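The values are calculated or read from the model by the stated rules, or taken from the named source; none is laboratory data. Computed from a predicted structure; not experimentally measured. No Cβ is skipped: glycine too gets one built from the backbone with ideal geometry, and neighbour counts run over all protein chains shown.
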Amino acid sequence: MWGPGALLQGGLAFNPLYGVGITSLIAIHEAGHVLACKFYGISSEAPVFGGAFAYIKHDVPVDAYKAAMVALAGPVVGSLGALSYAGVGYYMDSPILMDLGGTGLVLNFMNLLPIRPLDGGSIVRAISPALTVGFAGASCVGVGALAVSGYTSDVSLLNTALLYTEIGLVVGLGSIAAYNIIKKTEVLPNKYFRIGFKRKAGLFAAYVASIAAMIAAFGFCRENSKDNLDFKQAEKLKEQGKLDEAEPLYRSALEVRERVFGVEHKKTLLYVSVLGLLLEEQGKMEEAEPLYRRVLEVGERVFGVEHENTLNSVGNLGRLLWKQGKIEEAEKLYRRVLEVRERVLGVEHEVTLIYVSILGLLLKKQGKFDEAEPLIRRVLEGRERVLGVEHEVTLIDVSILGLLLKKQGKFDEAEPLIG
Ligand SMILES: [Zn+2]
């Protein structure tokens, strides 16, 4: 059994419990192989652990069917073990145990990839030696794509390192598979593969069913993990307006994510943002502020300053500071978003205009009427062009401009606008 597949989870926190837990999960997987060897009377040795992987040495079974059954027993027993971790974690309220269960399922799933020397390679080879070639290629591409899609939106240094580890693993396994095929390292007699159609069909069904069951079990584990359950409950309470009851649940969901995924993971950051929004809604501005600042700071580093997520974080912090009366800092933040929006979306874009309008209001609020006027005129022009002169949103902007002109003492200009 090979371990680094667990990295797919993307968030193994540096908790020593994980080391112990994963080693025990690997041992359970190997126990499956040993039991199957016993069942078929194949002599085997105790498992050898080597860093991120482990294997057992056993005699060559008499045919490919027995070899496949011995191979299948590892992931099947291993998954049952992982599932029991998740179950115990669920009832004991231990998020780490639950996450270990999920990680164990991913590990065992990875071992079913049809690439020798993984277990899946032995199973598929028994069904059809030719099939291994196609499957090996396809699964290399698939795992590579999965790894890339999992990380491209979240490219902190650590995750980049994990990504390269995974790609290296896939390329490495693919090369071993190719080498085995080309060099025919294991020359086995033809009769080794003559195991009959019924057995092949049975193996194929068991292989596909095992994969499907693992994916379903993994989905169930994620769905019912403590962070997800608490978060869902919190959302429900928030919808009912019970903000004070929702808060501790959001906090506990966040705490789990920090522990399981780490403080900089995008899944964790999402919860920080959501908690910030709740606190803002509760009027706890001082508590919300450090959360928004944290999301922004990590976002700038992880996603970059022009990323959509980062721009939204800037907007959130700006709004909060405005509400707190920290107008000057808010102005700076909105100018920053506006500058990017203008450059990326263009000066006339709808979204750009929203920021022009916010900045205009912010300047008006500070009494910087002369600076606000061109911005509010620009918004009004955009509204007239897009929505038409009679639209109610346009009319609101007309009256905003009117009030501004009045404050500037430009009564003649203001009068036709506010009537
Ligand atoms: Zn194995």
With the checklist (1) more than 28 Å from residue 281 (Cβ to Cβ); (2) outside the structural domain of residue 270 (by TED's automatic domain parsing); (3) within 31 Å of the chain's Cα centre (by Cα) in hand, flag the one item residue 304 doesn't pass. (2)
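Quick check on my filter: what residues within region 1-51 are hydrophobic (A, V, I, L, M, F, W, C) and either modelled with pLDDT under 55 or away from the ligand (no atom under 15 Å from the Cβ) (or both)?
Passing the criteria: 1, 2, 6, 7, 8, 12, 13, 14, 17, 20, 39.
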Residues satisfying the stated conditions in region 288-311, i.e. basic (Lys, Arg) and in contact with a helix residue (DSSP H, G or I) (Cβ under 9 Å, 6 or more places away or on another chain): 293, 294
Looking only at region 391-419, which residues are small (Gly, Ala, Ser) and outside any helix (DSSP H, G or I)? 409, 419
Is there a residue in region 266-280 that is more than 24 Å from residue 232 (Cβ to Cβ) and either touching a helix residue (DSSP H, G or I) at 6+ places or on another chain (Cβ under 9 Å) or part of a loop (DSSP other than H, G, I, E, B) (or both)? no
So, in region 64-101, how many residues would count as being out of contact with any Lys or Arg (no Cβ under 6 Å at 6 or more places or on another chain), under 23 Å from residue 255 (Cβ atoms) and part of a helix (DSSP H, G or I)? 14
Of the candidates 377, 335, 343, 319, the one satisfying the condition of being under 23 Å from residue 406 (Cβ atoms) and part of a helix (DSSP H, G or I) is 377
Is it fair to say residue 58 is within 12 Å of the ligand (Cβ to nearest atom), in contact with a strand residue (DSSP E or B) (Cβ under 8 Å, 6 or more places away or on another chain) and closer than 24 Å to residue 216 by Cβ? no
